[in-house]
Structure formats: C-alpha cells, structure tokens
Amino acid sequence: MRTLRSTMISSAVHSPVALSPSFLLLLCSSSSSLNLDYICTRCETKLSVDTSRGETFQINFDVTFPRVPCSLLSVDSMDISGEQHLDIKHNITKKRINLHGDVIEVRQDGIGAPKIEKPLQRHGGRLEHGETYCGSCYGAEMSDDDCCNSCEEVREAYRKKGWALTYPDLIDQCKREGFIQKIKEEEGEGCSIYGALEVNKVAGNFHFIPGKSFHHSHFQVHDLLALQKDSYNVSHRINRLSFGAHFPGVVNPLDGAEMMHVKPNGMQQYFIKVVPTIYTKIKGHTVNSNQYSVTEHYKDAEWMNPDALSGVYFFYDFSPIKVVFKEEHISFLHFMTNVCAIIGGIFTMAGIVDSFIYHGQKAIKKKVAIGKYR
C-alpha cells in the first residue's frame, strides 16, 4: 500500500446569504471574532447509522490513458450481489488523443455502423435485393434465429459463450466495418474516457482494461487476443472521480491524481471507502451524495496472478456511518444574547480600566500631597 488520501468537509463552513458576496465572505470568514454569525449560514455536522437499503448511486469519472487507444479501452463493473456489466457503452464518451494530449476525435463509445456493401448472409451467400440481412455469429448463436449483423454483435455473442475473438480479420462483419483498420490507425494514440455508471449501493468494483472482457471458468479474460501487443502501459490521469452529486465543500481526493508507470503490463488498484453523505441547504433542498477516502497500490506484471488482467481497478465499499450536514442560521435570541454579552464585556472592561486610572491618580495625588508637607 502506498498513500492514504482522505477528505471530509469541514463542519465550520460559512456561506453568505445576502448583500455583497465579497463583503459577506470577509465578514463570515472572521465571524468568530466579529460575532456576525447571524448574517451567515453555519454547517452543522451529525453522524448516524446508515440504514438505507436497495438503493443505487452514480459514479462519475473522467480518466485519461495516454498510451491505450480508444478502440481497445473498455469499462466493466460488478458487485458482491453478482450483478455485472461488461464493456459498458451507455452514457460513456471517448476522446482520441495524440502523444501531446491534443484531441483527435470525440465519439460515443462503439465501433460504428457497417460500410455499405453486400454483406455475407448466415446461409453463406451474399445479400441479394429484397432479402433481409441476417449475419452469421460464427458458431456463437444461442438459438437458430440469432443473427449477428455487426462486428459488435459478433463480439458480444462470443463474450456470452465465453470465447475469445482471436481472429477478427476472418469475421465478415468486422472486415466490412473496418474494425481492424480502425484499431491499427489508433496505434500510438491515447484515450480520454468519461461518463457515469449507475450501480447498486453495495460493495463492488469497476475497472478500465484494454480489450473487451468475458468470464470463463470464473476468470476474466481479454478478447482481441490476436490484435493485442505484448504489453500495455496503464499509466493514467484521473481528471475527476466522484460518487454521487456535488455539494458545497466536497473535495474528491482522486481528482487530478496521476499515475505514470515505466514498466508496461501492471495492475493499478484503488481501494475506496465511501461515506454516505446528506447535505441540506438553508432553503431545505437536500443533496444525497457521498464522500470517500482511498488507498492505492500498484502491482507489476511479474507479481500478478497469471489470470489477472492489466488495467486500472477501483474497489469500493461503504461505511456504515452516514454524515449529515445542515446549513442553518443561529436564532435571533442567541444572536441577541451574544450581543448583550459583548456589550456587558465592554462595560466590564471599561469599568476595570476606569477603576485602575482612578485609583492610580488618587495614589499619585496622595504621594504629591505628602511631599509638599515635608
């Protein structure tokens, strides 16, 4: 394990409510000395046991891989309840970047539509006029009526069977879509991937790996084996990672984190403790979100399990304690009590100073009078 990064919102946060924002910010920042809490909001903190069940939450991410091309980068998620989503494409966008980090292309995840030409039918012949297209799944059909009309559908059929798509250049759909050519064109490029995942509120993990993954004999394996190089460098930069909606004062410890590795083929692991958080604003609007702390660990290829895959893994678990923040004003009675206390303190100090001066003068006059008689 390397470093421990954790963050919790301060319970003494003050925020302006009215008047000039800069003026109020100055007042609120020094409100403890000026006693001007009445015109500012205070954030009170409470801890309680999290009793919520059967909920989902959103993971927002933006990660850049300078040495993994977009066509080979995929996102998977799974949790302890057994639910898993492999090669997720919904709500995910990829940006192709060059060696200097400049954006080449922005696209929704996926390979693209097939080129227009006569495709190979499942029965072996080419598509004729007026005939409905039904492409072969190359032995991965689940039933006699299954059709695979795109390279992506063939890959998905193979994944469901637990097979690796080792020679996509022999697949008619992949050749027509220029799948292999697209991957070769992106050699030497990087990829910035961002989006959101909706997952169950239970312990689980999500990860970024080169190539689509499938499960075979309880192990996770890559497809596209024939296209993969001997190694992939999983160096990356986490531009943003949050668990839930943003709320005032939250700081995500992995935002801006950068992990650059010299050796290729490795497993970067982040172990995250998610703390459920409820933030209630002064007007009553409630934000249900999360904070988190994290530790990270990198495992070189030589120390990896033979069945393990190179990639970046985020393992998360939930704290049983929930943090509740609530913005509120102090009561007018409390405010007046503080004002009276300040006024009373001023009068007391003035009385002490006045008494000191009076008795001092009296003592001096007495000494002067004694000196005259002598």
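The values are calculated or read from the model by the stated rules, or taken from the named source; none is laboratory data. Because the structure is predicted, anything quoted here is derived from the model rather than measured. Here Cβ is always computed from backbone atoms with ideal geometry, including for glycine, and neighbour counts include all displayed protein chains. Each accessible area value is taken on the protein alone, full model and side chains, heavy atoms only, with ligands, DNA and RNA left out. Shrake-Rupley method; radii C 1.70, N 1.55, O 1.52, S 1.80 Å.
Brief remarks follow.
- Residue-level accessible surface for Leu170, protein heavy atoms, 1.4 Å, Å²: 120 Å²
- For Phe318, distant residues with modelled amide H under 5 Å away: Ala203, Val274
- Using 0.36 nm per residue and subtracting the Cα-Cα separation, the extra length available between Tyr167 and Thr295 on full extension is 42.2 nm.
- For Ala257, the residues 5 or more places off, or on other chains, whose built amide H falls under 5 Å of its own are Ile238.
- Accessible-area value, Asp255, 1.4 Å probe, nucleic acids and ligands omitted, Å²: 70 Å²
- Put simply, the amide H of Tyr292, placed in the peptide plane, has neighbours under 5 Å in Thr7, Val275, leaving out anything fewer than 5 places away on its chain.
- Derived scalar couplings ³J(HN,Hα) [the range 248-264; Karplus, 6.51 cos²θ - 1.76 cosθ + 1.60; whole Hz; x for Gly, Pro]: x, x, 6, 10, 8, x, 8, 4, x, 5, 10, 10, 10, 10, 7, 7, x
- Residues in the range 142-152 carry Karplus couplings, in order, of 7, 8, 5, 8, 6, 10, 10, 9, 8, 4, 5 Hz; the curve used is 6.51 cos²θ - 1.76 cosθ + 1.60 with θ = phi - 60°, and Gly or Pro positions show x.
- Accessible area of Arg240 in the full protein assembly, 1.4 Å probe (Å², nearest 10): 100 Å²
- Residues in the range 85-102 carry Karplus couplings, in order, of 10, 10, 6, 5, 10, 5, 6, 10, 10, 10, 10, 6, 10, 8, 5, 8, x, 6 Hz; the curve used is 6.51 cos²θ - 1.76 cosθ + 1.60 with θ = phi - 60°, and Gly or Pro positions show x.
- FRET efficiency, Lys184 to His85 (Cβ-Cβ, R0 25 Å, nearest 0.05): 0.30
- Heavy-atom SASA rank of Cys70, Cys147, Cys134 (probe 1.4 Å, accessible area, largest first): Cys147, Cys134, Cys70
- Theoretical FRET efficiency, 1/(1+(r/R0)^6), r = Cβ-Cβ of Asn200 and Tyr133, R0 41 Å, to 0.05: 0.60
- Inter-site label distance for Val287 and Val106 at 7 Å from Cα along Cβ, in nm: 2.4 nm
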